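Below is one structure, written out as structure tokens; the observations come after it.
The values are calculated or read from the model by the stated rules, or taken from the named source; none is laboratory data. All values derive from a computational prediction rather than experimental measurement. Because the Cβ atoms are built from the backbone with ideal geometry, glycine has one as well, and the counts that use them run over all protein chains shown.
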Amino acid sequence: MISNFSQFFTLADYAMVLPIILLTLFALGILLIDLMVPAEWKWSNAVTALIGIAFAAGAVCKAQQNLRLMESPFVLSGSMIFDRITIYFFYLFLAGAAVAILTSVHYLEVEHEHRGEYYSLMLFSVVGMMCMAAGYDIVLIFIGLELMAISTYVLVGFLRRDRRSNEAALKYLLLGAFSSGIFAYGLSLFYGLSGTTNLGGIGQALARHMEANQGHPSPVAVLALLTTATGLLFKIAAVPFHQWAPDAYEGAPTSITGFMSVAVKAAGWAMLLRVLVWGLYPLRSVYVPLLIFVSIATMTAANFAALTQSNLKRLLAYSSIAHVGYMLLGLIALASVQYPAPAFFDGLKGILIYLLVYTFMNLGAFAVITSLRNKDVIGDELDDIAGLFQRAPVAAVMMLAFLLSLAGIPPLAGFYGKYFIFLSLIESQHYILAALGVAYSVFGLYYYLKIANAMFMRPALDQERLPISFGMKTALGISALLTVFIGVYPEPFIRAVNWSLGIVHSGAVAELMR
Amino acid sequence: MQPVATTFFFYLLAGLAVLGGVLVITRRNAVHSALALILTLLSLAGLYLMLYAPFVAGVQIILYAGGIMVLFLFVIMLVSIEKSQKEEQFNKLWLVGLLAAIALGGLFIGVYVKGKALFPEAKVVLEEGNNTQGIADYLYGHYLFTFEIASLLLLVAIIGAVVMAKKRI
């Protein structure tokens, strides 16, 4: 049985995985170039990484153009799906990584840990994320997840002389490995139930299974769903699997905290959507009640825990857990209606827009906190941000915009994410959940304004002007511009998300969503 | 080729595996235990070969008898053997161990007695040549890209270990 190699790697495959190949090459290149770069020129590695991201974005753009030439969205003998949502997530990961790299340069200089491996690992983790978002085979999804996770563990512990960083990396590694094990166990049970590693095949086998059992899944299917869902919910840090997040976020280098809270989380969401909506859609009668419980628990626990935090990174960690709760509401709405109903699309649209606006507002907020780190100041306590308005007025006003956007105040971007999610909840007749979500959003305003209060009302402990590096200025500018722009003129972005949802109408995928 | 004396070789290999297993837990000298473990692993590899699974047998020898054993020996090298030989074990858990072993054995016998329906009636004999080739076909065909990403994963793990552990980079 000699098979032709070209059958497994066609021109279409090449065109579609080109972004992944380019990122890998640039990551390897940074590792090699780093050996020749003198210590004071280490910032050039960041430039190389940004060029790599630009090239990858170009390749994604090319793939986007080729999309309409493809007969089916499946590439690499069915182990990857290349639809418009994949393209959307690819752009999101690249944007998140680019902004995070811009915030890193000065921070690493201050920490005396400026090494090329940092940028290389960041690019590798983006490769893993792309495999998670595009994977249509549980083996590829799992390996992509591990690639991203291992790169992130190392990045969390990158400040080797900092005890908090070591502790965070170890906790994250142990809990992450544990949850990956549970996740892999669930996936193996699904493989046992369906005899295939392809998500589509698993979906069809489960649909037959549910039909044969009159809509009551067997205990094995429920166990498989529970373990898989545990792994997925752990990766997006939903309560009760959230304990790692505040510790890991606090100990990690602040630039990586920003990266983790947006790109890594978006990748977790991409994987969650792929597995729960594309693969396990027939089991939705089982997981919707589960998700309702998890989302209420997440919103409640995170919002109350955030109230008492005095560490900025911990506070934003809890806030990011709360945002996961809101996004889960969108998933509940889309999974509790029949496939082509409007609530299905509005729920998905809500999650996608939420992830987009969340990327920029949260990265912006973390960028401001990153810039607080200076020679002798660790700069992640609430007292460190006090009087920021006198020390760096522009950054303080931008931070206010990010905070209000995180709270979901209308003229800013955060509002639209919440708007579509609550809309889809009302369309799917989850009125109580919608009311709860709105109530908790208002509740969240308190701790965001606590930071604003410190910035504007309290006197600064250190009167010196805050130096803000060029890269940081660029990152802050991009984040603030997009946060305000999406809020004032959301039309093009909503159109982009609508475009990315177009594929759901196509026959091949619609078949799976009955 | 028609296999010869399969029953004899099965009992021979199974007996060696059990003997090795008993020696692993009864020897005081850790090095002897490790050598007995190699005996068990090798006889298991022989059993896999008898089931027409040459790839699994090869992996068993390379990974377990080779790689994992080297890891064990490294650990043993760090422990002082002479001292540990004379020391009394401070946790006497043989009762718990015995109960666990009996429970596991009971489970196996139970499955064998009750679950006859689960197992196929006729003996399935795999084709001789297809085993390893089949794995290669999947690995370098259907899962080609996944395989490449897995190698990237290993590279990242190595980079991570160096970044975390090396004093000066």
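On the stretch given as the range A:160-195, residues that are touching a residue at least 60 places away in the same chain (Cβ under 8 Å), over 20 Å from the mean Cα position of the chain (by Cα) and within 11 Å of chain B (Cβ to nearest Cβ) total 2. In the set B:L47, B:L37, only one residue is over 20 Å from B:T132 (Cα atoms), assigned to a helix (DSSP H, G or I) and either of a type outside the set (V, I, T) or modelled with pLDDT of 95 or more (or both); that residue is B:L37. For A:L199, indicate whether it is buried (at least 21 other Cβ atoms within 10 Å of the Cβ) and among the hydrophobic types (A, V, I, L, M, F, W, C). In short, yes. Count of the range A:428-439 residues, restricted to those that are out of contact with any Phe, Trp or Tyr (no Cβ under 8 Å at 6 or more places or on another chain) and either in a helix (DSSP H, G or I) or under 14 Å from A:L331 (Cβ atoms) (or both), is 8.
Is it the case that A:Q204 is in contact (Cβ under 8 Å) with a residue 40 or more places away in the chain and over 26 Å from A:K265 (Cβ atoms)? It is true that A:Q204 is in contact (Cβ under 8 Å) with a residue 40 or more places away in the chain and over 26 Å from A:K265 (Cβ atoms).
Would you mention how many residues in the range A:402-427 are under 16 Å from A:V484 (Cβ atoms), under 18 Å from the mean Cα position of the chain (by Cα) and in a helix (DSSP H, G or I)? Residues flagged as under 16 Å from A:V484 (Cβ atoms), under 18 Å from the mean Cα position of the chain (by Cα) and in a helix (DSSP H, G or I) within the range A:402-427 amount to 6.
Just one of (1) touching a helix residue (DSSP H, G or I) at 6+ places or on another chain (Cβ under 9 Å); (2) within 30 Å of A:L159 (Cα to Cα); (3) buried (at least 17 other Cβ atoms within 10 Å of the Cβ); (4) in contact (Cβ under 8 Å) with a residue 60 or more places away in the chain fails for A:G417. It is (2). Condition check: assigned to a helix (DSSP H, G or I) and surrounded by fewer than 14 Cβ atoms within 10 Å (Cβ to Cβ). Does B:L12 satisfy that? Considered against the rule, which asks whether it is assigned to a helix (DSSP H, G or I) and surrounded by fewer than 14 Cβ atoms within 10 Å (Cβ to Cβ), B:L12 comes out as yes.
Considering every residue within the range A:70-89, establish whether at least one is touching a Ser or Thr at 6+ places or on another chain (Cβ under 6 Å), aromatic (F, W, Y) and within 24 Å of A:F259 (Cβ to Cβ). Within the range A:70-89, one or more residues are touching a Ser or Thr at 6+ places or on another chain (Cβ under 6 Å), aromatic (F, W, Y) and within 24 Å of A:F259 (Cβ to Cβ). Taken over the range A:144-159, the criterion of being touching a Ser or Thr at 6+ places or on another chain (Cβ under 6 Å) and either under 20 Å from B:L154 (Cβ atoms) or more than 14 Å from chain B (Cβ to nearest Cβ) (or both) is satisfied by A:M148, A:S151, A:T152, A:G157. The sole residue among A:E250, A:E211 that is closer than 30 Å to A:R115 by Cα and of a type in the set (D, E) is A:E250. The number of residues in the range B:23-32 being surrounded by 12 or more Cβ atoms within 10 Å (Cβ to Cβ) and within 17 Å of the chain's Cα centre (by Cα) comes to 2. Scoring A:A207 on the criteria (1) crowded, with 19+ Cβ neighbours inside 10 Å; (2) touching a helix residue (DSSP H, G or I) at 6+ places or on another chain (Cβ under 7 Å); (3) modelled with pLDDT under 95 leaves a single failure, condition (1). When B:A36, B:A57 are checked against the criterion of being in contact with a helix residue (DSSP H, G or I) (Cβ under 6 Å, 6 or more places away or on another chain), of a type in the set (A, V, I, L, M, F, W, C) and more than 22 Å from B:G105 (Cβ to Cβ), a single residue qualifies: B:A57.
The residue that is farthest from the chain's Cα centre (by Cα), counting only those in the range B:129-159 that are within 7 Å of another protein chain (Cβ to nearest Cβ) and either closer than 13 Å to A:S151 by Cβ or of a type in the set (S, T, Y) (or both), is B:I159. Annotation: of all residues in the range A:95-117 being over 30 Å from A:I138 (Cβ atoms) and touching a Ser or Thr at 6+ places or on another chain (Cβ under 7 Å), the one that is nearest to the other protein chains (Cβ to nearest Cβ) is A:S104.
This table checks each residue for (1) crowded, with 24+ Cβ neighbours inside 10 Å; (2) free of Cβ contacts under 8 Å to residues at least 40 places away in the same chain.
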{"residue": "A:E111", "(1), (2)": "no, no"}
{"residue": "A:V127", "(1), (2)": "yes, no"}
{"residue": "A:C131", "(1), (2)": "yes, no"}
{"residue": "A:D137", "(1), (2)": "yes, no"}
{"residue": "A:F142", "(1), (2)": "no, no"}
{"residue": "A:S151", "(1), (2)": "yes, yes"}
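Pairs needed: first member in the range A:79-94, within 14 Å of another protein chain (Cβ to nearest Cβ); second member anywhere, basic (K, R); C-beta distance under 9 Å; at least 6 residues apart or different chains. Once the first residue is within 14 Å of another protein chain (Cβ to nearest Cβ) and sits in the range A:79-94, its partners that are basic (K, R) give A:I81/A:R274. For A:S319, are the conditions met, namely being part of a helix (DSSP H, G or I), of a type in the set (S, T, Y), within 25 Å of A:Y447 (Cα to Cα) and in contact with a Gly (Cβ under 9 Å, 6 or more places away or on another chain)? The answer is yes for A:S319. Can you name the residue in the range A:6-46 that is away from chain B (no Cβ under 12 Å) and closer than 22 Å to A:L92 by Cβ and is also nearest to the chain's Cα centre (by Cα) among such residues? Among those that are away from chain B (no Cβ under 12 Å) and closer than 22 Å to A:L92 by Cβ, it is A:P19.
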